[in-house]
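The values are calculated or read from the model by the stated rules, or taken from the named source; none is laboratory data. Just so we're clear, the structure is a prediction, and the values are computed from it rather than from any experiment. Note: ideal-geometry Cβ built from the backbone for every residue, glycine included; neighbour counts use all protein chains shown. Keep in mind that these areas ignore ligands, DNA and RNA; they rest on the heavy atoms of the full protein, side chains included. Shrake-Rupley method; radii C 1.70, N 1.55, O 1.52, S 1.80 Å.
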Amino acid sequence: MQRTAEMYEKVVKNGPYSDVAPQAQLKIGTAREKEKTFGFKTPDYAGAAKAYETAADRYYDRPQIAAEALFREGLAHQKQAQTAEYDQSTAGQAIATFTDLSR
C-alpha cells in the first residue's frame, strides 16, 4: 500500500487540479488506512486523516469531494482514537471534523 499511495501522490503532484486528482487524493488516504507491515495490518490513520484534510482543503470548490474528504477524515480520527494508544486530542479532532461537516 505504501507504493500505491506514492503512485497516487505522483498523479496529484503532476496534475493537482485535473479531473482525476481529487479521487487520487482520496485514494491516498484509503491506501494509508490499509497499510501493512510484515503481513500485519498497521494502518496509518494520522497519515490518512492528513490526506483527507488536504483533499478537503484543496478541492473545497467541489462540494461532493470536500464533503467525502471531511467525512473520511473524521472516520480516520475516530479509528485512531479507538486504538490501544488512546489520546483524548484525537477524539476531539474527530468531533471537530464531524462538526465542520455538518455546517
Checklist outcome for this item: PHE71: passes all of (1) assigned to a helix (DSSP H, G or I); (2) in contact (Cβ under 8 Å) with a residue 12 or more places away in the chain; (3) open to solvent by less than 60 Å² (accessible area, probe 1.4 Å); (4) not aliphatic (A, V, I, L, M) but (3)
Checklist outcome for this item: Restricting attention to region 26-39, the residues that are open to solvent by 40 Å² or more (accessible area, probe 1.4 Å) and not in a helix (DSSP H, G or I) number exactly 5
Checklist entry - Hey, among GLN23, GLN93, which residue is at pLDDT 90 or above, open to solvent by 80 Å² or more (accessible area, probe 1.4 Å), assigned to a helix (DSSP H, G or I) and of a type in the set (S, T, N, Q)? => result GLN23
Next on the checklist: Which residue is nearest to MET7 (Cα to Cα), if the candidates are limited to region 17-38 and must be charged (D, E, K, R) and without any contact (Cβ under 8 Å) to a residue 24 or more places away in the chain?
Outcome noted: LYS27
Next on the checklist: Scan region 58-65 and tell me whether some residue there is basic (Lys, Arg) and over 17 Å from MET1 (Cβ atoms).
Outcome noted: yes
